[in-house]
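Taking it in order: structure first as structure tokens, then the write-up.
The values are calculated or read from the model by the stated rules, or taken from the named source; none is laboratory data. Note that this is a predicted model, so its numbers are computed, not measured. Quick note on the areas: whole protein, heavy atoms, side chains included, nothing else; ligands and nucleic acids left out. Shrake-Rupley method; radii C 1.70, N 1.55, O 1.52, S 1.80 Å.
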Amino acid sequence: MAVPYFNGDPDLTGIWVLNRKLSTDPDEVFVLQGVPWVVRKVLRHARLTLQIHQTTSLSKKTTCIDGSSKSSDLADNLESVTTLRMTQTVHPGGFDSEGSYSVDGSPQDVSLPIFGDVQMQLQFIDRSDILEASIREILEVASLSDKVIQELAHNASKGWEAEVIWGFEELEGKRCLTRNISTTKEEKKVIAKMVYDGPN
């Protein structure tokens, strides 16, 4: 029986384990991102688990009518805010990380054990708005939802940037969480796919 297609924003909540058989070998990406050889060796054999809790809440947004700052001209309305709470466990390895990220397109500075200091932006987008053409073409056919989460990441000190597309695909008859990754540094680009097994 085929995995159902669903409309709207994807919900990443669950415990997801990296499926190395279906994933691309990430070593070429790690080399481009300046990950040290010893760390890459550990990651090649470690069990990688993502625990994600996605929540959406209503937040009051205050806007100013006609550009005025007078309190009488303020109009309050509510906007939907999605937050991803992620815990990545690397066993063995000791490169675990934990963080909370807003999916609203705002710049967020994070420090990660493997990648160092990174600025990222996460937002929901239509599949047709994916920047990397090869990933867009795949997911316009393979994605199980109309929308995906786009993560734009930049490491200024190591000189790389990446577009990471989080979503769901049907692989071997199962609904899998996927991260399709396009990483660039200077004139070089590497495309990779990470596939995670989880609740179905």
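Remarks
- Of Lys60/Lys185; Lys60/Lys174; Lys41/Lys158; Lys60/Lys158; Lys60/Lys193, pairs whose Cα-Cα distance is over 29 Å: Lys60/Lys185; Lys60/Lys174; Lys60/Lys158; Lys60/Lys193
- Taking a ≥ b ≥ c as the square roots of the eigenvalues of the Cα gyration tensor, an a/c ratio of 1.5 or more together with a/b no larger than b/c marks the stretch 68-167 as oblate.
- Amide hydrogen neighbours beyond the local backbone of Asn19, cut-off 5 Å, H modeled: Val195, Tyr196, Asp197
- Mean residue ellipticity at 222 nm, helices only, the chain: -3500 deg cm²/dmol; runs of at least 4 DSSP H residues each add -39,500 (n - 2.57), and the sum is divided by the number of residues.
- Sequence-ordered 3J(HN,Hα) estimates for the stretch 83-91 from the Karplus curve with 6.51, -1.76 and 1.60 and θ = phi - 60° stand at 10, 10, 9, 10, 10, 9, 10, 10, 10 Hz, glycine and proline given as x.
- J(HN,Hα) series, the stretch 42-57, from Karplus relation 6.51 cos²θ - 1.76 cosθ + 1.60, nearest Hz, glycine and proline x: 5, 5, 4, 10, 7, 8, 9, 10, 10, 10, 10, 10, 9, 10, 10, 9
- Accessible carbon and sulfur surface of the stretch 78-200 relative to its total accessible area, %, 1.4 Å: 47
- Backbone phi angles across the stretch 177-192, fed through the Karplus curve with coefficients 6.51, -1.76 and 1.60 (θ = phi - 60°), yield HN-Hα couplings of 6, 10, 10, 8, 10, 10, 10, 10, 8, 6, 9, 9, 9, 10, 10, 8 Hz in residue order; Gly and Pro are listed as x.
- For Asp117, distant residues with modelled amide H under 5 Å away: Leu112
- Surface accessible to a 1.4 Å probe, Ser59 within the full protein complex, Å²: 40
- Part-to-part distance (alpha-carbon centres) for the stretch 148-200 and the stretch 9-27, which is given in Å: 9
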